[in-house]
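Some notes on the structure that comes next.
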Amino acid sequence: MVGLTYSGKSTIWGAVSRAHSSAPPGAAKANVAVVAVPDERLDRLTAMLQSRKVTAGQVRLVDVPGLNAQSLGDARAADALAVVVRAFGSDADPAGDLEKFRSELALADLSTLEKSTERVRKKLKTQAAEAKVELETYKRAEAVLSEDRWLSDESWDADAERALRLLTPLTLKPVLVVANVDETHDGTPDGLPQPAIAVRGLLEAEAGDLSSEDAAELMAEFGVTESATTRFVHSLFELLDLITFFTGNEVEARAWEIPRGTKAPQAAGSVHSDFEKGFIRWEAVGFEDFMEFGSWDAARQKGRLRVEGRDYVVQDGDVVRILHS
């Protein structure tokens, strides 16, 4: 989570994470929270199986302070950037602030690129073929960033993208724009690129300090039907093209997040690395089918239990059993 000073970024971080900042205002320390992925399917599965434990998917949310070297390092380690822009107050210009921030990150990447270009020139003597690809890629990237454009605005072939990703550039990352609006605002401000969401930062941060009943009453008073956490995390899943599969029994029901297109052995590896190595087969039932039939045996009798091999592409909502050696 990044943004210009006075965007209310830390307020949005608190509203989404339901956590409190551990750093004083202006501190260089990042705030970190692990946010459970809201998914009503997991609640339904837990209730049906009467699981004693429930484990949701998780998103690690880092409130990155400022644009110094340490903060940029935190941002470079992220899978995606949530850029917070101020959309409250009579002088608010969220689209303009977004452009300013995009320019700041382009400059940061340009600085990294210039240093890396010098390193690659020295590499030409010993690894000419590889260094030539990198050098050509970096020159083109430098031209893009010098025009205040982002690397993600351009198309890159596989070799060029591989060379760029070695630098962990900020402007190649997926971006979710978060407009910090006041309690009277409804909807995302005009002029912001998609994907973008609006969060009533102060209102939802205040709700985070209340009991669930009082928070729901406060949100209802202002017409908020879905929490900032739910909207943020679901938008992030769409941005990163993530899906969820489930495992469950009377001991534990659990949700697992994976990239769309993941095959069964690699998905099994997200549960435990040994499962990928010793993968035998993947048994799956669609979520709604599982809820309808209520058990593995009933799903098998109805012909809804699928036995899949190594080439199976996992589907969102699969309830699974993994067989491994």
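Numbers at a glance
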{"item": "Anisotropy class of the range 157-285 from Cα gyration tensor, a/c 1.5 cut", "result": "oblate"}
{"item": "Residue order for 88, 232 - accessible surface, 1.4 angstrom probe, largest first", "result": "88, 232"}
{"item": "Most fluctuating residue given options 35, 271, 144, as computed from a GNM of the chain linking Cα atoms under 10 Å", "result": "271"}
{"item": "Pairs beyond 28 Å (Cα-Cα), from 29/53; 139/173; 132/173; 123/263; 29/139", "result": "29/53; 123/263; 29/139"}
{"item": "Cα shape, the range 101-164, gyration tensor, a/c 1.5 rule", "result": "oblate"}
{"item": "In Å², nearest 10: area of residue 32 left accessible to a 1.4 Å probe", "result": "70"}
{"item": "Highest-fluctuation residue, 288, 257, 206 considered, GNM on the chain with Cα pairs under 10 Å", "result": "288"}
{"item": "Percent of beta bridges antiparallel (DSSP, the chain, rounded to nearest 5)", "result": "60"}
{"item": "Gyration tensor (alpha-carbon) shape descriptor, the range 28-117, a/c threshold 1.5", "result": "prolate"}
{"item": "Residue-count net charge about residue 7 - beta-carbon cut-off 15 Å; Lys, Arg +1, Asp, Glu -1", "result": "-2"}
{"item": "Answer label, with semi-axes √(5λ) of the Cα gyration tensor in Å calculated from the coordinates and candidates (1) 31, 26, 17; (2) 35, 24, 17; (3) 37, 31, 16", "result": "(3)"}
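The values are calculated or read from the model by the stated rules, or taken from the named source; none is laboratory data. Treat the numbers as computed from the prediction; the structure is a model and nothing was measured. Positions of Cβ are backbone-derived with ideal geometry, glycine not excepted, and every protein chain shown enters the neighbour counts. Just so you know, the surface numbers come from the protein's heavy atoms only, side chains and all, with ligands and any DNA or RNA stripped out. Shrake-Rupley method; radii C 1.70, N 1.55, O 1.52, S 1.80 Å.
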